[in-house]
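Student: Got a structure here, written out as structure tokens. Questions coming.
Where a number appears in this text, it was derived from the coordinates with a stated rule and is not lab data. As the structure is a computational prediction, the values presented were derived from the model and not from experiment. Cβ placement follows ideal geometry from the backbone for every residue including glycine, while neighbour counts extend to all protein chains displayed.
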Amino acid sequence: MAVSFEVSEKGYYGKFGGAYIPEMLYPNVEELRQSYLQIMADPDFQADFEDLLKNYVGRPTPLYFAKRLSESVGAKVYLKREDLNHTGAHKVNNTIGQILLAKRLGKHKIIAETGAGQHGVATATVCALMGMECIVYMGEIDMERQKPNVERMRILGAEVVPATSGSKTLKDATNEAMRHWIQHPTDTHYIIGSVVGPHPYPDMVAKFQSVISEEIRKQLLEQEGRENPDYVIACVGGGSNAAGAFYHFMDEPEVQLVATEAGGLGVDSGKTAATTSIGTEGVLHGSKTILMQTEDGQIVEPYSISAGLDYPGIGPLHAHLFDSKRGTFLSITDDEAMEAGVKLSKLEGIIPAVESAHAFAALEKMEFKADDVVVVNLSGRGDKDLATYIKYGKY
Amino acid sequence: MNRINQLFEEKDSNLLNVYFTAGYPNTADTRTVLESLDASGADLIEIGIPFSDPVADGPVIQRSNEKALAQGMSLKLLFEQLDGMREKVKAPVILMGYVNPVIQFGIEEFCKECQRVGVDGIIVPDLPLQAYLDDYKATFDDYGIRNVFLISPQTSEERIRLIDEKTDGFIYMVSDAGTTGARKGISEAQLTYFERIQDMKLKNPRLIGFGISDHDSFSTACNYANGAIIGSAFVNSLSEAEDIPTAITNFVSRVKNG
Ligand SMILES: Cc1ncc(COP(=O)(O)O)c(C=O)c1O
């Protein structure tokens with residue numbers, strides 16, 4: 001039987017997924033589970049979603065043939081320009097979808113977690129747009145590392161609350177957001193920023209992000225006369241931009257799906273976020289997936305130069321893509337990513353987010369044929385990472 | 001007979017269940033705290049398995065988890081510490097922990113160890129009912145380990161009935177929408193919820209927990225259930241204790257007698 005990449009009735013992708021949540025969250029998550037597909041299928045909802053994506057976010061984003069990069073790589077390389085979205089990354093596709101859903105559920109307060117601040121900014125943005133109250137949890141250490149995004153959120157009217165527990169980074173911000181949701185179960189919707197969390201979040205977020213691959217297919221047909229590329233490459237933190245870029249190709253076996261994880265200083269260095277390289281099966285933030293953990297089941301603090309990939313797990317869909325070997329997972333070190341980011345800047349005039357630079361580094365590690373069509377998901381722009389580029393210095 | 005069932009058969013009111021984190025304040029304190037609680041008259045004892053990401057817990061228990069882990073506490077070490085506890089400890093002992101450390105230990109191995117050292121039940125807040133029934137219950141039953149489920153003010157009547165049907169031990173009533181930790185008193189809304197559940201005439205006994213911190217809140221909760229659970233307030237008192245056994249005797253006596 002063919003392997004399925006569609007989520008099951010109970011919320012599983014193969015053996016990964018589920019909804020491992022405290023009973024206190026059951027009513028919230030169950031309400032979402034029972035209504036999300038119906039709401040998303042409603043023509044009025046779709047019309048609102050498409051309208052905002054077009055007129056507010058600026059979609060469709062271009063699929064750009066990168067001529068000079070192609071020559072350097074020796075294949076036909078296309079960039080899916082998610083960096084051109086309003087707020088500068090793919091994150092907004094999801095927050096637009098979820099805020100419309102929250103409105104239909106009658107919620108008027110929004111909470112979110114954020115690492116680098118990109119999802120926090122995308123959430124604060126849609127809350128401003130809809131006039132909703134917004135609280136964003138952010139690790140105390142990340143607030144220090146990503147000051148401009150903290151202020152962006154505040155300008156947009158959000159309250160940014162430091163997560164001071166545990167390691168004071170993304171996973172702890174997620175814990176705090178969940179605790180907040182436990183304490184405010186009726187009027188609040190939690191906008192999770194990636195394809196992680198309890199079912200139905202991974203599926204819901206993947207579906208909102210699937211607009212990426214929907215557009216790729218149409219644009220590729222126009223430009224190459226074929227819907228399917230040979231490769232789609234995307235970086236994976238939790239995995240939302242990759243899920244969106246892979247979505248419509250998962251059941252097309254001739255399309256190779258390549259996910260790049262943050263190797264940090266190297267997978268054996270103890271300073272890494274390359275989950276599939278060193279992780280094992282476990283449960284975190286509501287789903288069974290692959291995690292970086294100790295033998296005793298304690299979650300290990302990840303490390304990456306890019307705050308957006310600095311997460312100790314991956315979404316259950318990606319765990320399944322990895323486990324079933326449908327996806328190829330590569331680990332990219334900090335230096336490889338920075339080098340690829342600088343190369344893209346010089347060759348194409350595009351400074352990518354350091355997260356996205358991890359996807360471009362894969363081009364240097366893989367072998368292609370000259371007529372291979374390769375789509376790289378350029379998940380975000382590098383403006384937020386100037387300090388990181390400056391510190392790296394080799395440009 | 002399982003000690004939990006036996007306890008409720010012998011005593012059905014004013015039961016005091018006290019929670020503490022394993023390996024806190026210091027790694028070697030687990031047995032001292034456990035034995036002192038038993039000797040001081042705690043009716044049930046809940047031992048927290050420290051976890052790096054305790055989403056259902058408030059700041060006090062979070063910090064106790066962090067400290068215990070930093071000092072090297074682990075589930076494996078906990079079972080070593082509990083080895084032979086039944087020579088002294090009479091009260092039912094329940095482990096409370098998150099599902100990931102249990103999965104890593106191995107479900108069967110975990111149940112085996114519980115049975116070996118004399119643990120009677122387990123509370124796993126992030127193991128939902130359906131996943132438990134599908135994948136865990138058979139093993140837990142084989143080793144006579146009771147799984148205790150939580151309900152909250154938001155839990156629907158239908159679901160409470162289902163949990164009651166699938167439970168044999170007691171039901172853990174979370175006192176309001178929140179994580180563990182002290183609250184200021186018990187509100188009218190909470191009392192209405194307590195009464196609503198009382199009127200459901202469930203087959204299982206009920207203990208009320210989260211935010212119960214002193215004699216007043218304990219007595220109030222006991223008016224609406226078979227007893228109550230104190231966690232954060234006790235963990236707090238441990239962090240300040242000079243002599244653990246004395247501090248525990250005083251704490252239990254204050255909660256029970258005012
Ligand atoms: C530009 C960009 N790409 C990728 C990511 C990683 O998230 P995900 O793996 O969910 O796409 C982030 C997260 O902050 C980001 O800002």
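Student: Can you pull out the trypsin sites (Lys or Arg not before Pro) in region A:162-263 that DSSP calls coil and that have at most 16 other Cβ atoms within 10 Å?
Tutor: Taking region A:162-263 and a limit of 16 other Cβ atoms within 10 Å, the loop trypsin sites (Lys or Arg not before Pro) found are A:226.
Student: Continuing with this model, one more query. Compare the peptides B:20-27, A:285-292, B:136-143 by average per-residue count of other Cβ atoms within 10 angstrom and give them in order, highest first.
Tutor: Those peptides, ordered most packed to least, come out A:285-292, B:20-27, B:136-143.
Student: Further question on the same structure: Evaluate region B:174-217: find the radius of gyration of its Cα atoms, find its Kirkwood radius, and give the ratio Rg to Rh. Mind dumping the intermediate values first?
Tutor: Numbers: Rg = 10.9 Å, Rh = 11.3 Å.
With Rg and the Kirkwood Rh in hand, the quotient comes to 0.97.
Student: Report, to two decimal places, the Cα Rg of region A:1-87 normalised by 2.2 N^0.38 Å (N = number of residues).
Tutor: On the way: Rg = 19.6 Å, N = 87, 2.2 N^0.38 = 12.0 Å.
The reported ratio for this selection is 1.63.
Student: Separate question: Give, as a single signed number, the net charge of other residues whose beta carbon lies under 12 Å from the beta carbon of residue B:140, with Lys and Arg counted +1 and Asp and Glu -1. Mind showing how you got there, number by number?
Tutor: Working: positive: B:112, B:137, B:146, B:166; negative: B:108, B:120, B:135, B:141, B:142, B:168.
The answer is -2.
Student: Would you calculate, for chain A, the mean residue ellipticity at 222 nm contributed by helices, counting each DSSP H stretch of 4 or more residues as -39,500 (n - 2.57) and dividing by all residues, to the nearest 500?
Tutor: After summing the helix terms and dividing by the residues of chain A, the value is -12500 deg cm²/dmol.
Student: What is the spread of the Cα atoms of region B:31-153 along each of their three principal axes, largest first, in whole Å?
Tutor: 37, 33, 32 Å, listed from the longest principal axis down.
Student: Hey, what's the per residue convex hull volume over the C-alpha atoms of region A:132-178, in cubic angstrom?
Tutor: 55
Student: Evaluate peptide B:50-62: per residue, the Cβ atoms of other protein chains within 10 Å of its Cβ; return the mean as an integer.
Tutor: Values: counts 2, 4, 16, 14, 4, 15, 9, 4, 4, 3, 0, 0, 6.
Mean partner-chain Cβ count within 10 Å for B:50-62: 6.
Student: Now for a different question. What's the center-to-center distance, using Cα atoms, between region B:82-106 and region A:261-278 in Å?
Tutor: Result: 34 Å between the Cα centres.
Student: Can you give the charge dipole size of chain B about its Cα centre, rounded to the nearest 20 debye, using +1 on the beta carbon of Lys and Arg and -1 on the beta carbon of Asp and Glu?
Tutor: Using Cβ point charges on Lys, Arg, Asp and Glu, chain B gives about 260 debye.
Student: When chain B is treated as a GNM, springs tying every alpha-carbon pair under 10 Å, which of B:122, B:107, B:49 comes out with the largest mean-square fluctuation?
Tutor: B:107
Student: Moving to a separate point now. Stick to the Cα atoms of region A:267-348, pair each with every other, and give me the Kirkwood hydrodynamic radius in Å at one decimal.
Tutor: One over the average 1/r among Cα pairs gives 13.7 Å for region A:267-348.
Student: Further question on the same structure: I need the Kirkwood Rh of chain B: take the reciprocal of the average 1/r across all distinct C-alpha pairs and report it in angstrom.
Tutor: About 18.1 Å for chain B.
Student: With each run of n ≥ 4 DSSP H residues scored as -39500 (n - 2.57), what mean residue ellipticity at 222 nm is computed for chain B after dividing by its residue count and rounding to the nearest 500 deg cm²/dmol?
Tutor: -13000 deg cm²/dmol
Student: In 5 Å bins starting at zero, report the fraction of Cα pairs in region B:1-92 per bin as a rounded %.
Tutor: Spelled out bin by bin, region B:1-92 gives 3, 13, 23, 22, 18, 13, 7, 1, 0 percent.
Student: With r defined as the distance between the Cβ atoms of residue B:249 and residue B:219 and R0 fixed at 25 Å, what FRET efficiency is calculated, to the nearest 0.05?
Tutor: 0.80
Student: Looking at region A:9-60, which GluC sites (Glu not before Pro) are DSSP coil and have at most 15 other C-beta atoms within 10 Å of their C-beta?
Tutor: Taking region A:9-60 and a limit of 15 other Cβ atoms within 10 Å, the loop GluC sites (Glu not before Pro) found are A:9.
Student: Cross-link list A:15/A:171; A:67/A:346; A:168/B:67; A:76/A:365; B:203/B:256: which exceed 18 angstrom alpha carbon to alpha carbon?
Tutor: A:15/A:171; B:203/B:256
Student: Further question on the same structure: Can you list the cysteines of chain A that have no other Cys Cβ under 4.7 Å away?
Tutor: A:235
Student: Computed over the Cα atoms of region A:109-206, what is the ratio Rg over Rh, Rh following Kirkwood?
Tutor: 0.94
Student: Report the trypsin sites (Lys or Arg not before Pro) located in region B:28-95 that are in a DSSP loop and have at most 15 other Cβ atoms inside 10 Å of their Cβ, or state none.
Tutor: Answer by residue number: B:88, B:90.
Student: From the mean inverse distance of alpha carbon pairs (Kirkwood) and the Cα radius of gyration, derive Rg over Rh for the protein assembly as shown. All intermediate terms of the calculation are to be shown ahead of the outcome.
Tutor: Details: Rg = 25.8 Å, Rh = 25.7 Å.
Rounded to two decimals, Rg/Rh equals 1.00.
Student: Still on this model: Once the Cα atoms of helix A:43-52 and of chain A are each reduced to a long axis, what angle between those two axes, in degrees from 0 to 90 to the nearest 10, is obtained?
Tutor: For helix A:43-52, the angle is close to 60 degrees.
Student: Determine, at each q value in 0.09, 0.13, 0.19 (inverse angstroms), the log₁₀ of I(q)/I(0) that the Debye formula gives when each Cα of region B:97-229 is one equal point scatterer.
Tutor: For region B:97-229 at q = 0.09, 0.13, 0.19 Å⁻¹, log10 I(q)/I(0) is -0.28, -0.58, -1.09.
Student: Let me ask you something else. Among A:72, A:84, A:100, whose Cα projects farthest towards the positive end of the dipole of region A:55-123, with charges put on the beta-carbon of Lys, Arg (+1) and Asp, Glu (-1)?
Tutor: Among A:72, A:84, A:100, the one farthest towards the positive end of the dipole of region A:55-123 is A:100.
Student: Where does region B:159-258 land on Rg(C-alpha)/(2.2 N^0.38 Å)?
Tutor: Compared with the compact-globule rule of thumb, region B:159-258 sits at 1.15.
Student: When N counts the residues of region B:58-108, how does its alpha-carbon radius of gyration compare numerically with 2.2 N^0.38 Å, as a ratio? Before the final figure, lay out each step's value.
Tutor: Details: Rg = 12.7 Å, N = 51, 2.2 N^0.38 = 9.8 Å.
In units of the globular-protein estimate, region B:58-108 measures up at 1.30.
Student: Would you mind pulling out the separation of the Cα centroids of region A:142-220 and region A:74-124, in Å?
Tutor: The distance from the Cα centre of region A:142-220 to that of region A:74-124 comes to 9 Å.
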